[in-house]
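Enquirer: Take this structure first; my questions come after.
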Amino acid sequence: MDNLTTWNSRPQPVGDLRWRLPLPGEFPEGDLVALGGELDPSTVINSYRRGIFPMKVTALHDAIAWWSPDPRGILPLERLRVTRSMRQSARRYEVRVDTCFEDVIRACADPSREDGWIDDEFIAAYTRLRDLGWAHSVETFGRDGQLAGGLYGVRIDGLFAGESMFHRRRDASKVALMALVDLMRTSGMSLLDVQWCKPHLASLGAVAIPRREFLAKLADAVKSDSPATRLA
């Protein structure tokens, strides 16, 4: 596994906020905080800055829903649980960053996966964020040069908001996660958001924390007030 120390691009400005999203003090009880809107770059980036992320709801006819779970899943960088098997697997893969983002997100969107919800609208929206320098992928390749696994998400300052991961070979997505954590550490980042603390993430060191605690960590991680990232 290569040691990666750089991201490929600096983010471009995303323009004015087109849809009103609730501020943290306005969040209702529960994980769902808003419905509707569009996945334009400004709305999506500003949602992450407020501790919100989009995900469609099949039961609501695939409406765009905006979520801020309570409790919130994070993976503290110092708590990543690296097993002997993962270290051995890392030797079998080459890790790259931002070389095949669309391949990664389409693999994550495979409709045969359980609870798959990523559709063409989300693929187009996050590919646009990739073009603007906000969304990134970490990819693992086998010795035969084939894509074996990976993950993608959104970076804003010290935050990486993990969206989804996939694997086609053993431990390939876990190796991508190991590389992401290394990259975040070398880049001076502090907060890896995993949305909900699901069992497979908990086995890797993820924990669930109260939403108010997450929002405090988010405020520390996302400190810049540049036109590209400022809250509207």
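Values in this text are rule-based calculations from the coordinates and carry no lab data. Remember, it's a predicted structure, so these values are computed and weren't measured experimentally. Please note: Cβ atoms are built from the backbone with ideal geometry, for glycine as well, and neighbour counts cover all protein chains shown.
Enquirer: All but one of (1) in contact (Cβ under 8 Å) with a residue 40 or more places away in the chain; (2) in contact with a strand residue (DSSP E or B) (Cβ under 7 Å, 6 or more places away or on another chain) hold for Val33; which doesn't?
Expert: Failed condition: (1).
Enquirer: Look at region 14-66 and say how many of its residues are aliphatic (A, V, I, L, M) and surrounded by fewer than 13 Cβ atoms within 10 Å (Cβ to Cβ).
Expert: 5
Enquirer: Which one of these does Ile123 not meet: (1) in a helix (DSSP H, G or I); (2) surrounded by 18 or more Cβ atoms within 10 Å (Cβ to Cβ); (3) of a type outside the set (Asp, Glu)?
Expert: Condition (2) is where Ile123 drops out.
Enquirer: So, in region 67-97, exactly how many residues are of a type in the set (D, E, K, R) and assigned to a strand (DSSP E or B)?
Expert: Initial filter on region 67-97 (of a type in the set (D, E, K, R)): 70, 72, 78-79, 81, 84, 87, 91-92, 94, 96.
This time we only want the ones that are assigned to a strand (DSSP E or B), so: 72, 94, 96.
Qualifying residue count, region 67-97: 3.
Enquirer: Another question, if that's okay. Going through region 149-176 one residue at a time, which ones are over 11 Å from the mean Cα position of the chain (by Cα) and not in a loop (DSSP other than H, G, I, E, B)? Write out each step before concluding.
Expert: To start, the set of residues in region 149-176 that are over 11 Å from the mean Cα position of the chain (by Cα) comprises 149-150, 157-158, 166-176.
Scanning region 149-176 gives Gly149, Gly150, Phe166, His167, Ala172, Ser173, Lys174, Val175, Ala176.
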